[in-house]
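Quick notes on the structure that follows.
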Amino acid sequence: MLFVMITDFPNHWDKIKGYLTSYPPKMVKKAKPDQLKSGVKTIFIKKFKDSTDVEKAWSGKIYDIQKIPGSIFFRVEIEKENECPAEYAGYENGWYVE
């Protein structure tokens, strides 16, 4: 399992205060929120606001997944900055399960 998390939210992914953030359940693609697990290898992709262009990408993991109505909270652990894999560059904002 691999997570690909894409957003144009400000201060993501390497600048999240406390490394805690959330996505609404509607942003989860190719899976149901109850199938999400902590400790899964993750590619974090930051896009420029209102653009399909990639700003930066990182690899790491997510932990401490907590589901409450309307939000899925999780903690981000960035391991290193990477080039954005070409196969994910065209993806829209979302949490993809590969």
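Would you say Phe74 is surrounded by 19 or more Cβ atoms within 10 Å (Cβ to Cβ), without any contact (Cβ under 8 Å) to a residue 40 or more places away in the chain and part of a strand (DSSP E or B)? No. Note on segment 4-13: residues that are at pLDDT below 95 and either within 15 Å of Glu98 (Cα to Cα) or surrounded by fewer than 17 Cβ atoms within 10 Å (Cβ to Cβ) (or both) amount to 3.
Would you check if Glu87 is in a strand (DSSP E or B), modelled with pLDDT of 95 or more and among the acidic types (Asp, Glu)? Break it down stepwise before answering.
Numbers: in a strand (DSSP E or B): no; modelled with pLDDT of 95 or more: yes; among the acidic types (Asp, Glu): yes.
No.
Look at Lys67 and say whether it is in contact with a Pro (Cβ under 7 Å, 6 or more places away or on another chain) and at pLDDT below 95. Can you show your working first?
Numbers: in contact with a Pro (Cβ under 7 Å, 6 or more places away or on another chain): yes; at pLDDT below 95: yes.
The answer is yes for Lys67.
Being within 16 Å of Glu77 (Cβ to Cβ), surrounded by 13 or more Cβ atoms within 10 Å (Cβ to Cβ) and free of Cβ contacts under 8 Å to residues at least 40 places away in the same chain is true for just one of Ile65, Ile16, Ile43. Which residue is that? First the steps, then the outcome.
On the way: Ile16 fails: free of Cβ contacts under 8 Å to residues at least 40 places away in the same chain; Ile43 fails: free of Cβ contacts under 8 Å to residues at least 40 places away in the same chain.
Selected residue: Ile65, the only one of Ile65, Ile16, Ile43 that is within 16 Å of Glu77 (Cβ to Cβ), surrounded by 13 or more Cβ atoms within 10 Å (Cβ to Cβ) and free of Cβ contacts under 8 Å to residues at least 40 places away in the same chain.
Residues that are in a helix (DSSP H, G or I) and modelled with pLDDT under 95 do not occur anywhere in segment 36-50. Applying the set (1) surrounded by fewer than 13 Cβ atoms within 10 Å (Cβ to Cβ); (2) touching a residue at least 12 places away in the same chain (Cβ under 8 Å); (3) part of a strand (DSSP E or B) to Met1 leaves exactly one unmet item: (3).
The values are calculated or read from the model by the stated rules, or taken from the named source; none is laboratory data. Keep in mind it's a predicted model, so treat the numbers as computed, not measured. Using ideal geometry, Cβ is built from the backbone for each residue, glycine included, and neighbour counts are taken over all protein chains shown.
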